[in-house]
Protein chains: 2
Amino acid sequence: MKHTPIRQVLSSETSLPDICVMGWVRTRRTGRDVSFLEINDGSCLASLQVVVDAGLPFHGDVARITTGSGLAVTGDLIPSPASGQAFELKAREIHVFQKAPESYPLQKKRHSDEFLRSIAHIRPRTNKYGAMFRIRSELAFATHHYYREKGFHFLHAPILTGSDCEGAGELFSVVTEEKGQEFFGRPAHLSVSGQLSAEMFALALGRVYTFGPTFRAENSHTSRHAAEFWMVEPEMAFADLGDAMDLAEEYLKFLVVWLRENGREDLELFTRFVDKDLAGVLECIQKERFARVSYTEAVDMLLHSGKTFEFPVAWGKDLQSEHERFLAESLFRKPVILYDYPKEIKPFYMRLNDDGKTVAAMDLLVPRIGELMGGSQREEREDVLYERMTAQGLSAEKYGWYLESRRWGSVPHAGFGMGFERLLMLVTGVGNIRDVIPFPRTPGNIDF
Amino acid sequence: MKHTPIRQVLSSETSLPDICVMGWVRTRRTGRDVSFLEINDGSCLASLQVVVDAGLPFHGDVARITTGSGLAVTGDLIPSPASGQAFELKAREIHVFQKAPESYPLQKKRHSDEFLRSIAHIRPRTNKYGAMFRIRSELAFATHHYYREKGFHFLHAPILTGSDCEGAGELFSVVTEEKGQEFFGRPAHLSVSGQLSAEMFALALGRVYTFGPTFRAENSHTSRHAAEFWMVEPEMAFADLGDAMDLAEEYLKFLVVWLRENGREDLELFTRFVDKDLAGVLECIQKERFARVSYTEAVDMLLHSGKTFEFPVAWGKDLQSEHERFLAESLFRKPVILYDYPKEIKPFYMRLNDDGKTVAAMDLLVPRIGELMGGSQREEREDVLYERMTAQGLSAEKYGWYLESRRWGSVPHAGFGMGFERLLMLVTGVGNIRDVIPFPRTPGNIDF
């Protein structure tokens, strides 16, 4: 069905005779001499103005067209006398695919995010959610582009897994209808991270990254937790913690620059209507050199900040979101990378530092979000890894294959993970994770 | 840890003084005057030849280096006197990260695919599987690149779902440890397709595609079935069956051209060692206009072919793989798109044709594989959709949101799905799906 995307029409610098556009009616204004239709086809945020002269035989039908209706318009793109648009489409023919009934839920008024969540199958037709999901698409592409340019190979890490990367955590189990018989011969879970797989492939292909769904069966009802979310996990052989920090900083800067160049119009919606300070946050990420301080220094700074926190700060304790945000928002006023965390609060696979007390871990903290990325240099020494595994109660037998990677050509390697939804919240200013996921899954919610 | 990827080193057209390379030893040859090491770092198929003069203080250590060991070599890239390579690295310094023990499983000899499957965490270090997973990465990128250029937005369709797109099929159920209480308030499954979500987003953003993992709990022990596999599913608003066929053909041709341009070296391994006819198959896909015949014509052709099949052919029955392959391999000798299938053998969402007997479905059949893609124009008429849903025993209540999309601005739309693993089998000639997936999941297999 030959037609020109509105994005392409609107980027035209000249009149275009005899084009066909297909889309949905956003608004209609009917006058005595002329009617106006705003048509949107989702290819971009902006709608195209269609002008229908009252003299045309179908003008009467146009006067009854409803918001949400799908139609095809043939006509000429001509200079528009109205301000705010260079061109408009002068209709010669209109075909209505289907007239939307008056019950169409997206009538011209502001709708709450809560209401729109209840019609997640319809909300991408609004300006805000259309922009959101175009940005999501654009940043996913930017991710693939970035890593490919840097020589990384994309890895499809398995979703069904017999292991649990973090050594703990709330897992979904996967079963089949046939009771009493396990499909895989043993318990299967949904992956919480592709890291262990990525390590195996980095030790073969040098540099790899995963970008796939991960799952947590956490019964959290916060605006920051979802049961299903996407993670990006790069992993590099022949790399140490410093390389991981460099990559994390460069990657985030790249994403922001890319979005400002390739998603300008959609991004502007969020800078104007969602978060007035957004442009400043993005500018800061793009321009400022990220701070880098050790966990130990950061704890000192928090203790001497004079600020009272809900959760007390102490060396050896995990930092809470309030601490992380205070560091990024108030103390440094820019992204901060913390490194060298106490080994007790980090997973077994992180490399033990020479002090015997800390591991070569890093967390990238950003304003508003707190932790955006977390990673480490991995423990490449088989004996040390074995000790840390067993100390954390993991079965060396079950992870035999993982240990083997430290026996057969072990080399230093490092990587990190980034929650893709947190990135989207950061760059759009949207505060609820449910509003950056096409069909969010949280406790009690699996509609659509 | 500063070093130059071997891919970059090997593409140099000049000598390079003082470079550092890190990788793993593939082979070592020790002579009286000089030793040679072949080093591979996974950045490309080819290894780099390192030359170590016997006069160097560490030459004795080099003579004891084992296959699989990880090391760093510093030296000068100089013209090589040997044939088959333009340059070699003259070592000045060598650091061994870890010496692999003699038990390292990838000693220099041919290993069977069966054996390599049992060490899936190690097999990407072989030439064949390194090449396979670089090709997998490259074709994933080509997919994102292609759809973005065509104005499609990438959609992360949900993996956890309350519905079952095909209206049947073997589903994995997802549960949590807390017995007697459902995390989502009702039964949850792993998605078998992102299509229904993609339709909702195509009806908002115009053109979208999914690329994510899908799951079938089928107890099949064939070389073509896996419990977890990745699918690409484009969906277009304002499109009919012809548009879907055009897109399918163009997309497949694009992938083949891309791979021949961007994965030449890896692809050559498969043309040389796996499938002697592969180059011809790819050339045919790239150059030939795909055949397009209706299901009815195809059944006629099969009935009159004189060929005896294991499964009898009859109008109204599903075609088997043997029929599909015979069409593509023997009758047309090129890819074939079949369209307009009997409605009884296709899902409810496919658009009913005016004959009342067939639906606007299409399957793309290719040599060796049979069905590579399957799609349709979708039923956009709410009343017809409702009838077909209930006729196939689906709950109109459960799919109320899906029906709503046909009430609120319904427009013609179409799309298809492609099994990414089948694509990989097609372009590499590899016959077993387990050998194109990083960590394959099949009944009884969930190691690693």
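The values are calculated or read from the model by the stated rules, or taken from the named source; none is laboratory data. As the structure is a prediction and not an experimental result, all values here were calculated from the model. So basically every Cβ, Gly included, is an ideal-geometry build from the backbone, and we count neighbours across all protein chains shown.
Please specify each residue of region A:408-448 satisfying the condition of being more than 12 Å from the chain's Cα centre (by Cα), farther than 30 Å from residue A:339 by Cα and of a type outside the set (Gly, Ala, Ser).
Those that are more than 12 Å from the chain's Cα centre (by Cα), farther than 30 Å from residue A:339 by Cα and of a type outside the set (Gly, Ala, Ser): A:439, A:440, A:441, A:442, A:443, A:445, A:446, A:447, A:448.
Quick one: would you say residue B:109 is more than 8 Å from chain A (Cβ to nearest Cβ) and surrounded by fewer than 21 Cβ atoms within 10 Å (Cβ to Cβ)?
Values: more than 8 Å from chain A (Cβ to nearest Cβ): yes; surrounded by fewer than 21 Cβ atoms within 10 Å (Cβ to Cβ): yes.
Considered against the rule, which asks whether it is more than 8 Å from chain A (Cβ to nearest Cβ) and surrounded by fewer than 21 Cβ atoms within 10 Å (Cβ to Cβ), residue B:109 comes out as yes.
Looking at B:391, B:360, can you tell me which residue is more than 30 Å from residue A:401 (Cβ to Cβ), among the small types (Gly, Ala, Ser) and touching a helix residue (DSSP H, G or I) at 6+ places or on another chain (Cβ under 7 Å)?
Among B:391, B:360, only B:360 is more than 30 Å from residue A:401 (Cβ to Cβ), among the small types (Gly, Ala, Ser) and touching a helix residue (DSSP H, G or I) at 6+ places or on another chain (Cβ under 7 Å).
Within region B:47-71, take every residue that is within 13 Å of chain A (Cβ to nearest Cβ) and among the small types (Gly, Ala, Ser) and give me the one that is surrounded by the fewest Cβ atoms within 10 Å (Cβ to Cβ).
Filtering region B:47-71 for residues that are within 13 Å of chain A (Cβ to nearest Cβ) and among the small types (Gly, Ala, Ser), the one surrounded by the fewest Cβ atoms within 10 Å (Cβ to Cβ) comes out as B:47.
Determine if region B:365-387 includes at least one residue that is touching a residue at least 40 places away in the same chain (Cβ under 8 Å), over 26 Å from the mean Cα position of the chain (by Cα) and within 14 Å of chain A (Cβ to nearest Cβ). Walk me through it before giving the result.
Applying the first criterion (touching a residue at least 40 places away in the same chain (Cβ under 8 Å)) to region B:365-387 yields B:365-378.
Then drop every residue that is not over 26 Å from the mean Cα position of the chain (by Cα), which leaves none.
Checked against the condition, which is being touching a residue at least 40 places away in the same chain (Cβ under 8 Å), over 26 Å from the mean Cα position of the chain (by Cα) and within 14 Å of chain A (Cβ to nearest Cβ), region B:365-387 yields no hits at all.
Condition (residue is within 39 Å of the chain's Cα centre (by Cα) and in contact (Cβ under 8 Å) with a residue 60 or more places away in the chain) applied to region A:61-73: is it met by at least one residue?
If we filter region A:61-73 for residues that are within 39 Å of the chain's Cα centre (by Cα), which is where we start, we get A:65-73.
Filter again for in contact (Cβ under 8 Å) with a residue 60 or more places away in the chain, leaving A:72.
Yes, there is a match, as at least one residue in region A:61-73 is within 39 Å of the chain's Cα centre (by Cα) and in contact (Cβ under 8 Å) with a residue 60 or more places away in the chain.
Given the residues A:214, A:222, which is the only one that is more than 8 Å from chain B (Cβ to nearest Cβ) and in contact with a Phe, Trp or Tyr (Cβ under 9 Å, 6 or more places away or on another chain)? Steps first, answer last, please.
Working: A:222 fails: in contact with a Phe, Trp or Tyr (Cβ under 9 Å, 6 or more places away or on another chain).
Being more than 8 Å from chain B (Cβ to nearest Cβ) and in contact with a Phe, Trp or Tyr (Cβ under 9 Å, 6 or more places away or on another chain) holds for just one of A:214, A:222, which is A:214.
Could you check region B:79-177 for strands (runs of 3 or more DSSP E) lying wholly inside it with 2 or more residues that are modelled with pLDDT of 95 or more? Outline the logic, then answer.
Working: elements: B:87-98, B:153-155, B:173-175.
In region B:79-177, B:87-98, B:153-155 are the strands (runs of 3 or more DSSP E) which contain 2 or more residues that are modelled with pLDDT of 95 or more.
In this structure, does residue A:293 turn out to be in the same structural domain as residue A:413 (by TED's automatic domain parsing), outside any helix (DSSP H, G or I) and touching a helix residue (DSSP H, G or I) at 6+ places or on another chain (Cβ under 8 Å)?
yes
Pairs only if they're at least six apart or on different chains, beta carbon under 6 angstrom, first in region A:405-428 and closer than 21 Å to residue A:203 by Cβ, second part of a loop (DSSP other than H, G, I, E, B) and among the hydrophobic types (A, V, I, L, M, F, W, C); list them, first residue then second.
Qualifying pairs under 6 Å: A:408/B:100; A:409/B:100; A:411/A:238; A:413/A:239; A:414/A:239.
One residue is enough: does region B:229-245 have a residue meeting the conditions modelled with pLDDT of 95 or more and more than 30 Å from residue A:7 (Cα to Cα)?
yes
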